[in-house]
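Everything on this sheet refers to the single structure shown next.
FYI, it's all coordinate maths here, none of it is from the lab. Computed from a prediction, not measured in an experiment: that's the story for all the values here. Neighbour counts are summed over all protein chains in view; Cβ atoms, including those assigned to glycine, are modelled from backbone coordinates with ideal geometry.
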Amino acid sequence: MNSLNAFINWLMPNFEPLKGEFFECFTDTLVMIAVSGTIAWFLGVALGVALVTSRKGGIMPHPMLFTACDRSIDVIRSIPFIILMVLLIPLSRFLVGTGSGLAGSFVALVFGTVPFFARQIEQVLSDVDPGLVEAAQAMGFSPFEIVFSVYLRESIPGITRVTMITFVSFVGITAIAGAIGAGGLGDFAIRYGYQMGYRDMIWLTVAVILVMISLFQFIGGIIVRKTTH
Amino acid sequence: MIALEHVSKIYPPQGRHGAEVRAVDDASLEVRDGEIFGIIGFSGAGKSTLVRCINLLERPTSGRVLIDGRDVTALEGAELRAMRRGIGMIFQHFNLMPSRTVEGNVELPLAHAKVPRDERRAKVKKLLEMVGLADRARAYPSQLSGGQKQRVAIARALACDPKVLLCDEATSALDPQTTMQILKLLKQLNASLGISVVVITHQMSVVKEICDRAAIMEHGRITECGTVYDLFSNPKDPSTRAFLDMASNVGAFYETFDEQGSLADLRDGTHIWFLTYTGKSAGEALMSRIYQLYCVEANILYGDIDYIKGRPLGKLAVNLRGDPRNISLAVKYIRDQGVKAEMIK
């Protein structure tokens, strides 16, 4: 045990005093990912489904809804995330009561992720063979049943794949959010790695993020393999 | 019983220079209970659109769809879905759910029809036995051959005990041998379950093999409709005739026939007669009879016997040579034997 501590101290001389803060920041990042990530995932899938079903030739064509979703995605997607965060502060205050800190980051993270993710979900769902949808309609399925039993069910590998892609850029924006007050690993890296110039803390942050992403990719890979026939 | 009354499907113009498309144009037909009804025509004739009007996957622009006397044309929502559950459908590309096993695919419509689990299991087993795939229940569609996939699709289509099975080019993606097996299965299901079958196809052989009655479609219109034997032996509409000729060997015959220096060199003023004989009369024997009786020599240029649902239908193109008076007597004799004779050149 002593030798392990000695090794860590040798490798990262700044770790010992910052240990507590590092784990706090790490937890913050996990909370950001868990809360905003989950909300963004469901909203993104819902929006992707809305786009595919409401478009012309979809199972529930609704031009107004489609245009509304389509345009707002384009608009939100064109705003750089760091500016979007500032822009959304009032909305965040209204929805979660605060525009800063960990809780204040949720709204911005969701808005920053959903449009990108929804577009990818739309793409994945569009790849579902229209013949399958037609067969389901011929079997007398309701639009709701078609969404779950055909669109989503047949797209599990594709949805998993785009979730993994989005996850990487999502972790990226949690770091940006950290830089402007949300806490988390991004904030930690800026404060100690950049402002204090502790190179070992930058490396530590990078390593932790890499492990996190790899773990996610690994699980995703298993899901894709198990659900592709 | 299914009846389509003056059904039209018109697609609005696409793009700035598009014109409206009349996919189905004033089509009426009737599919009787328990029969196998064929709709045949070239690609783009509107067959698939027409068959989709039956279960309203395509809603007719005008006209009515009647199922057992009930007008279903305007059904919506839950009523429409209940109606569709009473009509099975299979497709050219099978459309099985790739993420589900054979079992899962067949069970799917039952699950959505809220059939209890135990009942579902038993039903799936029965259906798979019926189509001869009980041993592949756990396989995924990607592990099956085309013929097996279509069998699964048939089992799935029959899961909710429909009264009608719509087959949209169901054998067009299969090789001839597998096609015959699937047709045999359809015929067998038609006989054992009493289910009506509507077959859409561009393959003449399919219609000849299993259909009781058929309609021929061209440019969205039904040009002729009747029993398959009548259609083939005695087509009335010129476009029907052109279609049948083109899709059989006669087409090839007509082509060579128009070429210079072909088999039929008619410089001596003789003519070519086309004979169509049905049932028992045998063409070749007839040719030797007219030689014996009228000294008319028949030079056979083309001959073909089709078997339509087991009944022979013969076609013979002959160049008749001899005394013109004797030729007309010979032709009269031929006609008296119940053989259709026309001078084609």
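Results, tabulated for the structure shown:
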| quantity | calculated |
| --- | --- |
| Cα long-axis angle, helix B:102-112 against chain B (0 to 90 degrees, to the nearest 10) | 70 |
| Euclidean distance between Cα centres, the range B:7-50 to the range B:109-127, Å | 34 |
| Alpha-carbon centroid distance for the pair the range A:140-206 / the range A:69-99, whole angstrom | 17 |
| Largest-first principal axis extents, alpha carbons of chain A, Å | 69, 43, 24 |
| Angstrom value of the Kirkwood radius, inverse mean 1/r, which spans all Cα pairs in the range A:29-91 | 13.4 |
| Prolate/oblate/rounded label for the range B:172-227 (Cα gyration tensor, a/c 1.5) | oblate |
| For the protein assembly as shown, calculated [θ]222 nm from helices alone, where every DSSP H run of n ≥ 4 adds -39500 (n - 2.57) | -17000 deg cm²/dmol |
| Rounded FRET efficiency, nearest 0.05, which uses the C-beta distance separating B:Tyr307 from B:Lys114 and R0 of 41 Å | 0.35 |
| Between helix B:146-157 and chain B: long-axis angle, C-alpha atoms, 0 to 90°, nearest 10 | 60 |
| Candidates B:Met217, B:Met246, B:Met89, ranked by Gaussian network fluctuation over chain B, Cα under 10 Å, top entry | B:Met246 |
| Gyration tensor (alpha-carbon) shape descriptor, the range B:28-115, a/c threshold 1.5 | oblate |
| Descending Cα extents along the principal axes, the range A:1-54, whole Å | 62, 16, 16 |
| The range B:109-140: trypsin sites (Lys or Arg not before Pro) in DSSP loop, at most 11 other beta carbons within 10 Å | B:Lys114, B:Arg138 |
| Three-way shape label, the protein assembly as shown, alpha-carbon gyration tensor, a/c 1.5 | prolate |
| Chain A: relative contact order as a whole-number percent, Cα under 8 Å and 6+ apart | 25 |
| Largest-first principal axis extents, alpha carbons of the range B:142-188, Å | 28, 23, 18 |
| Efficiency of FRET from Cβ geometry, A:Ala34 and A:Arg93, R₀ 22 Å, rounded to 0.05 | 0.50 |
| Equivalent-ellipsoid semi-axes of the range A:1-112, from the Cα gyration tensor, Å, largest first | 42, 17, 11 |
| Gain on full stretching of the segment that runs from B:Ala19 to B:Asp323 - 0.36 nm per residue minus C-alpha separation | 103.7 nm |
| Angle in degrees between helix A:2-11 and the longest Cα principal axis of chain A, rounded to the nearest 10 | 80 |
| Length-normalised contact order for the range B:2-234 - Cα pairs under 8 Å, 6+ apart - percent | 29 |
| For chain B, the longest site-free run once GluC sites (Glu not before Pro) in DSSP loop states with at most 13 other Cβ atoms within 10 Å are removed | B:77-258 |
| Förster-model FRET efficiency, 30 Å R0, A:Lys19 and A:Val224, C-beta, rounded to 0.05 | 0.25 |
| Alpha-carbon gyration tensor eigenvalues x 5, square-rooted, for the range B:2-234, Å | 29, 21, 17 |
